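Data first, discussion second: the structure below is written as structure tokens.
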């Protein structure tokens, strides 16, 4: 991984490729490269370690012109970040860029070395270039015919674009487990791993399905399945709005996206609160019949989406009296799950391309679930297309690698889904009415908490020399503690762990001392008194406490206890409310630590490998 863009046109495509790479920078990467076939039929390759700008500067020193080319930003999986490991990779006249992982690359490498191939990189991707070249030399045929012979030899997940410098009239795209989209132009066409890369040149897209192989020419696109049979994929017009440089008056996308949460939640609620009821009619008439059968909820997700699923478990069980299990996708897909009776399978993902979550969804189709429902932020994503039903979060494009507004939008959608399910299973109409009124106030509640930024910014100064932190919460705030810890470690590189506060005495107290800040989420709810006992356990052992709490919760500050008094919020939406100060804390600690808050090291926005 991470980002691919390719073009075939009658005009020079170098700047198109570079702009596409700029638009893919948000995904996270460590190096960038491009290869263009010039008018003499020579493939010219440039690669640079670090930012796309370094590649841009290298291109400026050359008279690089061509009508067919591939560009790539790499997030290392095999081989350290380096120029020699950057894509595209070349074998004689075969050029490839690859997202994903070739699991059997080691055995293929041995085989290809025996055939006389020399490897210059440590990557799994280079084997693909050599293997295509070998098959072409041995048996001949068109590029598509060669690739059809190569695919059965590859194990893993991949999105690959192939180019032959001897025939620049065609690009080949292969999708198996890693997304690729074709952008349609007039006498020119494009390929990318993300439609955002292609918005300057087209609004018409064809989304490749699993196993598709596409021959892309200037005036023609032919798509085959894995068996080499022609298949039809219809083009879709995209209305996505995205400016890669539009941070407004904010210094970072993360900061901007934290402040976009009130409007993101408004958009999420729009059309779904009607006549003081939850309206999910977008799911169709059969959805109500499906929900009437549901007796169990199975949620699958990764990372931040997993944390939102954990919050929703408390809602499903307390509001809908519905048992709910939440599992990490990478674990679920490699065990033999026992499916509960009349279980609804829910998958959560911001990008909709998370490899483990997609594979878990595909596994669920072989099991005895009532159906699948995706909650996602990208309507054109694989997860949405492959699920039986989908609810869009409508948070807008999220550029920062560390998710913020997508998380709160997911929680908002999940809460509406819970209420809909609860109503069908006996919740009183007056309860639904009260929850709708609370949801209507949610954007305002979020705006109120954002006014606390100066206080949190000052608080962050105490973390400049810290290397470890604890986050504590109880009930539905425990997953918020998990998300807060995740944000801090992602953005500031501080080692942060979250615990259910009642678990302190079962081991973690051994680590408490004056050097480890302990962040406590303490809303004024029925668990507050229990939580105060846990806070006392930390205080008596010399711990440094930062307590985020309701202004009327009765805490008193001293030298070792910092109190962050927050405005009133209804208990039901407190999880959505209390994550915001933790997002702001992580952001400001990251600034103090001097990290790249938008593109943290070693991380990628869309995790398309397992």
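Apart from one condition, residue 15 fits all of (1) in a helix (DSSP H, G or I); (2) surrounded by 18 or more Cβ atoms within 10 Å (Cβ to Cβ); (3) at pLDDT 90 or above; the exception is (2). The requirement of being loosely packed, with under 15 Cβ neighbours inside 10 Å, modelled with pLDDT under 95 and farther than 20 Å from residue 399 by Cα is satisfied by residue 232. Quick one: is residue 132 more than 24 Å from the chain's Cα centre (by Cα), farther than 19 Å from residue 174 by Cβ and either modelled with pLDDT of 95 or more or surrounded by fewer than 23 Cβ atoms within 10 Å (Cβ to Cβ) (or both)? No: the conditions fail for residue 132. Taking the criterion of being assigned to a loop (DSSP other than H, G, I, E, B) and surrounded by fewer than 21 Cβ atoms within 10 Å (Cβ to Cβ), the residues of the stretch 199-218 that qualify are 200, 201, 202, 203, 209, 210, 211, 212, 217, 218. Please work out if residue 535 is part of a strand (DSSP E or B) and either touching a strand residue (DSSP E or B) at 6+ places or on another chain (Cβ under 9 Å) or not assigned by the TED database to the domain that holds residue 589 (or both). In short, no.
Taking the criterion of being touching a residue at least 24 places away in the same chain (Cβ under 8 Å), closer than 20 Å to residue 385 by Cα and touching a strand residue (DSSP E or B) at 6+ places or on another chain (Cβ under 6 Å), the residues of the stretch 212-231 that qualify are 212, 213, 214, 224. Residue by residue through the stretch 4-28, note down the ones that are closer than 13 Å to residue 55 by Cα and in contact (Cβ under 8 Å) with a residue 40 or more places away in the chain. Within the stretch 4-28, 14, 17, 18, 19, 20, 21, 22, 25 qualify. So, residue 129, is that one touching a residue at least 12 places away in the same chain (Cβ under 8 Å) and not in a loop (DSSP other than H, G, I, E, B) or not? Yes, satisfied. Does residue 73 satisfy the criteria of being touching a residue at least 40 places away in the same chain (Cβ under 8 Å), assigned by the TED database to the domain that holds residue 134, surrounded by fewer than 19 Cβ atoms within 10 Å (Cβ to Cβ) and under 23 Å from residue 177 (Cβ atoms)? Taking the combined requirement at face value, the residue does not satisfy it. Out of the residues in the stretch 80-94 that are surrounded by fewer than 19 Cβ atoms within 10 Å (Cβ to Cβ) and touching a helix residue (DSSP H, G or I) at 6+ places or on another chain (Cβ under 9 Å), which is farthest from residue 122 (Cα to Cα)? Here the residue is 93.
Among the conditions (1) part of a loop (DSSP other than H, G, I, E, B); (2) over 21 Å from residue 196 (Cβ atoms), residue 44 misses just one, which is (1).
Rundown of residues vs (1) in a helix (DSSP H, G or I); (2) closer than 19 Å to residue 479 by Cβ; (3) out of contact with any helix residue (DSSP H, G or I) (no Cβ under 8 Å at 6 or more places or on another chain), yes/no style:
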| site | (1), (2), (3) |
| --- | --- |
| 505 | yes, no, no |
| 515 | no, no, yes |
| 552 | no, no, yes |
| 564 | no, no, no |
| 569 | no, yes, no |
| 580 | yes, yes, no |
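So for the stretch 331-339 (the condition being modelled with pLDDT of 95 or more and surrounded by 17 or more Cβ atoms within 10 Å (Cβ to Cβ)), does at least one residue qualify? Looking for residues that are modelled with pLDDT of 95 or more and surrounded by 17 or more Cβ atoms within 10 Å (Cβ to Cβ), one finds at least one in the stretch 331-339, hence yes.
Here's the yes/no breakdown for (1) surrounded by fewer than 17 Cβ atoms within 10 Å (Cβ to Cβ); (2) under 20 Å from residue 450 (Cβ atoms); (3) in contact with a strand residue (DSSP E or B) (Cβ under 8 Å, 6 or more places away or on another chain):
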| residue | (1), (2), (3) |
| --- | --- |
| 521 | no, yes, yes |
| 544 | no, no, yes |
| 578 | no, yes, yes |
| 581 | no, yes, yes |
| 595 | no, no, no |
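Quick one: how many residues across the stretch 136-162 are in contact with a helix residue (DSSP H, G or I) (Cβ under 9 Å, 6 or more places away or on another chain), assigned to a strand (DSSP E or B) and closer than 15 Å to residue 96 by Cβ? Adding up the residues that qualify gives 4. For residue 358, the conditions (1) under 30 Å from residue 602 (Cβ atoms); (2) crowded, with 24+ Cβ neighbours inside 10 Å; (3) at pLDDT 95 or above are fulfilled apart from (3). Determine, yes or no, whether residue 66 is at pLDDT below 95 and in the same structural domain as residue 96 (by the TED database). For residue 66, the condition - at pLDDT below 95 and in the same structural domain as residue 96 (by the TED database) - is not met. Considering the stretch 477-503, and only residues there that are in a strand (DSSP E or B) and within 22 Å of the chain's Cα centre (by Cα), the residue that is farthest from residue 600 (Cα to Cα) turns out to be 498. The residue that is farthest from the chain's Cα centre (by Cα), among those in the stretch 368-401 that are free of Cβ contacts under 8 Å to residues at least 40 places away in the same chain, under 17 Å from residue 195 (Cβ atoms) and part of a loop (DSSP other than H, G, I, E, B), is 379.
Does residue 411 qualify as being touching a residue at least 40 places away in the same chain (Cβ under 8 Å), within 21 Å of the chain's Cα centre (by Cα), over 30 Å from residue 192 (Cα atoms) and buried (at least 22 other Cβ atoms within 10 Å of the Cβ)? Here the answer is yes, as residue 411 does meet what is asked. Say we look at the stretch 420-449 and pick out the residues that are surrounded by 13 or more Cβ atoms within 10 Å (Cβ to Cβ) and part of a loop (DSSP other than H, G, I, E, B); which of these is modelled with the lowest pLDDT? Restricting to residues being surrounded by 13 or more Cβ atoms within 10 Å (Cβ to Cβ) and part of a loop (DSSP other than H, G, I, E, B), the top hit is 425.
Quickly run through the stretch 177-196 and pick out the residues that are free of Cβ contacts under 8 Å to residues at least 60 places away in the same chain and not in a strand (DSSP E or B). Within the stretch 177-196, 186 is the sole residue that qualifies.
The values are calculated or read from the model by the stated rules, or taken from the named source; none is laboratory data. Just so it is clear, the model here is predicted, and its values are computed rather than measured. Methodologically, a virtual Cβ is constructed for each residue, glycine included, from the backbone with ideal geometry; neighbour enumeration extends over all protein chains shown.
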